[in-house]
Amino acid sequence: MIRSLIWLGALLGGLCFQATAAPLSPREIIEGYTAQATQLELRDARREVVSEMGTLRAWLGEAQVYLKQEDDKQLAFTIRRVQAQAGLIQALLDRKDAERAAKEAAEAVIQREQEASAMAEEAFRFEKELVELERKTQEETP
Amino acid sequence: MRRARGGAAPLWALWVVFLGCGVPPKTAELVAFEQMRGGEYASVIREQMPQLYEESEGAYHKALAAHNDREPELAMHHTRVATIFWRTATARVEQKDFADAMKASQHRLRQAEERLEDARRRKTAAIDAIARQERILAMQSRLAMAEEKAQLEKKAAEVKAKVDAAVLALKEAESIDAAQHAPGPFNKAQAALTMALDAFQAGRYKQAEESAAFAAADATAAVAAARPLHEVVLKRRAIDEQLKQMLSLASARSGVEARIEARGLVVTLRELFKSGEDEILNEKFGELDLIVELAKRGEALRIIVEGHTDNRGRPERNLALSDRRAQAAVRYLSGHGVGADRLQPLGRGDEEPVSDNSSRAGRAQNRRLNFVFLKPNL
């Protein structure tokens, strides 16, 4: 049972890091997720997923402890949660990016629509001036 | 009572066993997950994120199984995993929603940019058209100014022509001495012309035109008034000139006395007859031919032939003699081509002596024929 859980963890870790043919050891899996956590922290420059990152770091710490204690069962469970948590953080960061991009796009739309309205008003003003000039020209044509 | 106590004990034991065999209450995390799972969002997650949904569902069922197996740690683990997958799915759905919103915003942005570009084009076109219209207006203004200037120049030319015409009319009036013959209209014309010239110089063309018209009218009136008088003067001058030439011709001839008097040229011939006779001496025909020549030169002039005698003899006889002698001269002249209707013989007798009859020389002076070439009455 424990052995099968370890193999499951290795399989998932391997999928996550696109591992080559050789299966990864639990230590390598933990190191892989630790590196991914660092990457995610770097990506979280605005510190929007601090709490989630804390959980991930805590579980990575637990995994290290279980690795040392050679508690394969708990190690497998923890790695499973670490994997899911890393996916969650990735998704949350992607969502935040998408939200920001959508917000920026919406703001850009507002700004551009304001520019378009202002430009349309300006164009209308010039067109009105043109009509007035054309009328004047017509009047002064002998 | 004992039976009662004895009967209650098994029930208590059965209740304790029942409680011991029952499923413990779900953990708060599991309950929270189930609430999340039962929410309206669940169908969205199932449709849009089926893989994550299945992962979450799998973990949830494992959690339930662990819970039922009274394995709280394992149940907690699976609950957490289920929750994490559920939240991940939720985040992905929201990410997709934001991505859709962004696409919609980008679409609106493109539309706004098209409107902006359209407005910019309209503005540019309007500005260009305004610039064109302003150039047209400026050209129209210049054209109007040029036309105004041309009209002014045309008007100036017209007025100048009228002023020039007035000047010419006044010069014509001057040339026929209108200042003398018709001073009233001439002076008015001169004053009006001065005003016209001043007004023209000052650019007051209307006033110049009016004054020029007055000047021309007055000058024309002056010319009309002065011309007949001037023509008379001219005729008189012409006659005077003619008489001078005739005088010159006559004076050049020896023995002929000629002078110009108020009535005309008077040519006096003497010793044309023998004493007491009225027949012209042959040797005097030459002098009479001079008269013929003078008569031809002044062919428009009437000629009075006055006969004069000295005072010897009776006056009646002298008068008759002088008349016959005048007639003899008239006959000679008419016989030599001078029209008889131009000739008038007139015997004066001894009434108009030009010298003293007491001396021989004086009497010789008084015996004479005066050929008077009369100035016409103009």
Quiz item: Hey, what number do you get for chain B at 222 nm if only DSSP H runs of n ≥ 4 count, each worth -39500 (n - 2.57), divided across all residues, to the nearest 500?
Solution: -25500 deg cm²/dmol
Self-check item: Residue mean of other protein chain beta carbons inside 10 Å, B:72-81
Solution: 3
Quiz item: Using a Förster distance of 35 Å, how high is the FRET efficiency between A:Leu42 and A:Ser117, based on the Cβ-Cβ distance and rounded to 0.05?
Solution: 0.25
Practice problem: Order by neighbour count: B:Thr79, B:Thr124, B:Thr268, fewest other Cβ atoms within 10 Å first, most last. | Solution: B:Thr124, B:Thr268, B:Thr79
Self-check item: By average C-beta atoms within 10 angstrom, highest first, the peptides B:256-262, A:113-119
Solution: A:113-119, B:256-262
Quiz prompt | For the stretch B:131-227, size of Cβ-based charge dipole, Lys and Arg +1, Asp and Glu -1, in debye | solution = 420 debye
Quiz item: Of B:Leu374, B:Ser322, B:Pro345, which is farthest on the positive side of the dipole of chain B, counting Cα position, with +1 on Lys and Arg Cβ, -1 on Asp and Glu Cβ, and the Cα centre as origin?
Solution: B:Leu374
Quiz prompt | chain B, relative contact order in percent, only Cα pairs under 8 angstrom and at least six apart counted | solution = 11 percent
Exercise. Work out the mean other chain Cβ neighbour count within 10 Å for the residues of A:70-83 and drop it here as an integer.
Key: 2
Quiz item: In debye, nearest 20: dipole of the stretch B:253-374 around its Cα centre with unit charges on the Cβ of K, R (+) and D, E (-)?
Solution: 60 debye
Exercise. Just the number, please: percent antiparallel of the DSSP beta bridges in chain B, rounded to the nearest 5.
Key: 75 percent
Quiz prompt | Charge-dipole axis of the protein assembly as shown as Lys and Arg at +1 and Asp and Glu at -1 on Cβ define it, positive-most pick from A:Leu130, B:Tyr332, A:Ser117 | solution = B:Tyr332
Quiz item: Can you give the charge dipole size of the protein assembly as shown about its Cα centre, rounded to the nearest 20 debye, using +1 on the beta carbon of Lys and Arg and -1 on the beta carbon of Asp and Glu?
Solution: 580 debye
Self-check item: Square roots of 5 times each gyration tensor eigenvalue, C-alpha, the protein assembly as shown, largest first, Å
Solution: 166, 22, 15
Quiz item: Dipole of the stretch B:242-369 (Lys/Arg Cβ +1, Asp/Glu Cβ -1, origin at the Cα centre): which of B:Phe273, B:Ser359, B:Met246 lies farthest to the positive side?
Solution: B:Met246
Quiz item: If you count the DSSP beta bridges with both ends in the protein assembly as shown, what percent of them are antiparallel, to the nearest 5?
Solution: 75 percent
Self-check item: Placed amide H near B:Leu343: partners under 5 Å, 5+ positions off or other chain
Solution: B:Ile303
Quiz item: In terms of modelled amide H atoms, which long-range or inter-chain residues lie less than 5 Å from the amide H of B:Gly264?
Solution: B:Lys375
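Values in this text are rule-based calculations from the coordinates and carry no lab data. Note that the coordinates shown come from a computational prediction; the quantities given were computed from them, not determined experimentally. Neighbour counts are summed over all protein chains in view; Cβ atoms, including those assigned to glycine, are modelled from backbone coordinates with ideal geometry.
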